[in-house]
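Okay, structure first, notes after.
The values are calculated or read from the model by the stated rules, or taken from the named source; none is laboratory data. These figures come from a predicted structure and were not determined experimentally. Glycine gets a Cβ as well: all are built from the backbone with ideal geometry, and neighbour counts include every protein chain shown. Surface areas here come from the heavy atoms of the whole protein model, side chains and all, with no ligands, DNA or RNA. Shrake-Rupley method; radii C 1.70, N 1.55, O 1.52, S 1.80 Å.
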Amino acid sequence: MRMPRRGLVIQARTRWLLVGLALLFSLVLLMYLLECAPQSDGNGSLPGVVGENMGREYYQGLLQEQEEHYQTRATSLKRQIAQLKQELQEMSDKLKSLQEKKTPKVNSMNYQGTKEQASNDLLEFLHSQIDKAEVSMGAKLPSEYGVIPFESFTSMKVFQLEMGLTRHPEEKPVRKDKRDELVEVIEAGLEVINNPDEEDGQEEDDGIGERQLYSENDFIEGYYRTERDKGTQYELFYKKMDGMEYRHVTLFRPFGPLMKVKSETVDISRSIINVIVPLAGRTEAFAQFMQNFRDVCIHQDKRVHLTVVYFGEDGLSEVKSILESVARETDFHNYTIVSLNEEFNRGRGLDMGARAWEKGEVLMFFCDVDVYFTAEFLNSCRLNAEPGKKVFYPVVFSLYNPAIVYANQEIPPPVEQQLVHKKDSGFWRDFGFGMTCQYRTDFLTVGGFDLEVKGWGVEDVHLYRKYLHGDLIVIRTPVPGLFHLWHKKHCADELTPEQYRMCIQSKAMNEASHSHLGMLVFREEIETHLRKQAYRTNSEAVG
């Protein structure tokens with residue numbers, strides 16, 4: 001049976017169509033493979049290191065291309081979002097304008113008044129936070145543990161009391177939010193100084209020339225502390241390198257924007273400090289103290305009076321000889337020596353030293369013979385004590401026993417090289433209140449020391465508590481320029497149980513860090529381990 005001619009034609013056309021489609025598909029597939037194949041530099045690469053590198057570079061290129069594509073897409077979307085926001089704002093403004101035309105004027109005024117009232121209420125709340133905080137007036141506290149200490153900082157470092165296991169007594173701010181916070185505060189203080197309000201009381205330099213501008217390089221030091229239910233207080237100090245005037249700015253962040261509390265100029269060029277040192281024996285330590293006093297007070301600061309209150313007769317002539325020798329060599333005669341032929345009593349000695357001054361008001365620094373201080377600390381003393389207003393209780397950095405800290409050296413380094421803020425070299429002596437800067441009138445007004453206290457320690461806490469129970473502001477902060485040098489401590493049997501406990505506590509904490517004390521406790525175990533290791537090594541070498 002023959003097929004119709006027309007059916008043969010259709011069958012032939014169908015076959016050619018299928019062949020054409022197959023060729024077209026093959027061509028498309030070939031072009032796809034050529035397009036997607038990795039580019040070659042003409043050198044065939046065998047499987048292995050070279051081929052892997054070529055493949056890695058190829059896929060890295062693809063990833064980079066995709067990343068650029070997505071970045072371009074993201075930029076485009078951001079631009080579109082910005083345009084939509086602008087259009088939305090324009091529509092909102094138009095709607096608001098129409099509502100104002102339809103709404104009676106009285107309602108508009110009421111709305112405006114309500115808005116202003118809300119703003120005023122917010123400002124009133126923020127200012128009430130400042131009033132509640134211990135910024136302008138001291139708070140009466142139940143004990144020495146109630147005060148919130150400051151932490152001090154410079155443009156590069158923070159000096160902090162709360163160390164824990166990971167923090168250090170001196171460190172650079174690691175967290176970005178803390179760095180940004182301190183940078184913002186320093187810049188805010190500069191803004192206050194360089195663009196003063198009328199209430200700041202700053203005047204142009206006699207109307208001649210431009211006002212002196214301050215920069216970040218003029219920032220000297222700052223203190224901050226946070227009252228959890230109120231906000232963070234910042235005390236900032238700036239000074240030009242060639243000037244003696246300090247600019248003091250107080251800022252407060254009441255859990256919101258920074259608010260200026262005050263801005264003032266502090267002139268300390270005529271501020272004399274009476275350094276009062278009670279002493280009994282210990283002439284070698286006094287000679288070392290006078291070396292520091294000569295370098296810092298006589299050669300650098302030049303605005304210091306020294307009062308030494310000496311108990312007993314033994315060593316008195318040697319102390320006088322040291323003072324006379326310094327006076328001859330430096331032409332320094334601003335010192336007083338008070339001799340008491342009685343048993344040593346630190347509170348009694350400081351009280352006698354304060355009352356021996358007969359030239360009116362003076363800033364006093366109660367000091368010990370084992371304390372090393374810098375010229376920068378003396379300025380901190382002047383800046384943070386104010387008669388009838390503030391007393392300064394710096395936290396001393398107490399150095400450990402150098403024989404333990406530097407046990408791997410033949411002899412400990414000189415004292416000047418030991419003055420570093422590290423965990424294994426010392427600690428912030430936050431339980432000590434003996435070093436303080438306060439004005440004579442404030443000291444006499446609160447009644448001075450409790451002279452009934454005999455021996456070690458407690459008289460400092462009693463005086464500190466008097467200030468906490470009064471209206472003066474207590475500035476409590478670690479300062480980098482004040483060190484307590486290690487010395488052997490003897491806790492006498494005559495001390496009361498409380499005094500003896502405090503003395504033993506101080507003695508234990510003064511000796512060494514936890515890690516160094518641990519090495520001493522487990523010394524035998526460590527030595528046994530080292531001997532075993534050495535024996536095993538020798539046995540393997542012989543074998």
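Given a cut-off of 23 Å, name the pairs among 390/507; 157/488; 172/422 whose C-alpha atoms lie farther apart than that in the structure shown. Let's see the in-between values first.
Numbers: 390/507 31 Å; 157/488 32 Å; 172/422 13 Å.
Where the Cα-Cα span goes over 23 Å, the pairs concerned are 390/507; 157/488.
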Worksheet item: Taking the Cα-to-Cβ direction at residue 172 and at residue 411 and moving 7 Å from each Cα, how far apart do the two end points lie in nm?
Response: 3.6
Response to the item:
Of all GluC sites (Glu not before Pro) in region 395-489, the ones in DSSP coil with at most 14 other Cβ atoms within 10 Å are 410, 452
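May I ask you to give the solvent-accessible area per residue for region 273-518, in square angstrom, as obtained with a 1.4 angstrom probe? Can you show the working numbers first?
Working: 10590 Å² over 246 residues.
Value for region 273-518: 43 Å² per residue.
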Worksheet item: Of the heavy-atom accessible surface of region 303-421 (probe 1.4 angstrom), what whole percent is carbon and sulfur?
Response: 46
Discussion item. How much length would be gained if the chain were fully extended between residue 340 and residue 538, taking 0.36 nm per residue of separation minus their Cα-Cα distance, in nm to one decimal?
Written reply: 64.6 nm
Worksheet item: What are the residues whose amide H is under 5 Å from the amide H of residue 309, where those residues sit 5 or more places off or on another chain and H is modelled from the backbone?
Response: 277, 279, 338
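Can you give the extra length, in nm with one decimal, that the chain gains between residue 355 and residue 148 once fully stretched, where that is 0.36 nm per residue apart less the Cα-Cα distance?
71.4 nm
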Worksheet, complete the sentence: A correct Karplus calculation of ³J(HN,Hα) over region 310-322, with 6.51 cos²θ - 1.76 cosθ + 1.60, θ = phi - 60°, whole Hz and x for Gly and Pro, returns 9, 9, x, 9, 5, x, 5, 5, 5, 5, 4, 5, 4
Worksheet item: In sequence order, what are the phi-derived ³J(HN,Hα) couplings for region 516-523 according to the Karplus relation 6.51 cos²θ - 1.76 cosθ + 1.60 with θ = phi - 60°, rounded to whole Hz, with x for glycine and proline?
Response: 5, 5, x, 4, 6, 5, 9, 4
Item to complete: Describe numerically, in nm with one decimal, the distance between label points set 7 Å from Cα along Cα→Cβ at residue 498 and at residue 331.
Response: 5.1
Item to complete: Collect residues whose amide H, placed 1.01 Å from N in the peptide plane, falls under 5 Å from the amide H of residue 266; neighbours closer than 5 in sequence don't count.
Response: 246, 247, 248
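Once the convex hull of the alpha carbons of region 273-518 is built, what does its volume come to per residue, in cubic angstrom? Don't skip to the answer; put the middle values down first.
On the way: hull volume 33.1 nm³, N = 246.
Convex hull volume per residue, Cα atoms: 135 Å³.
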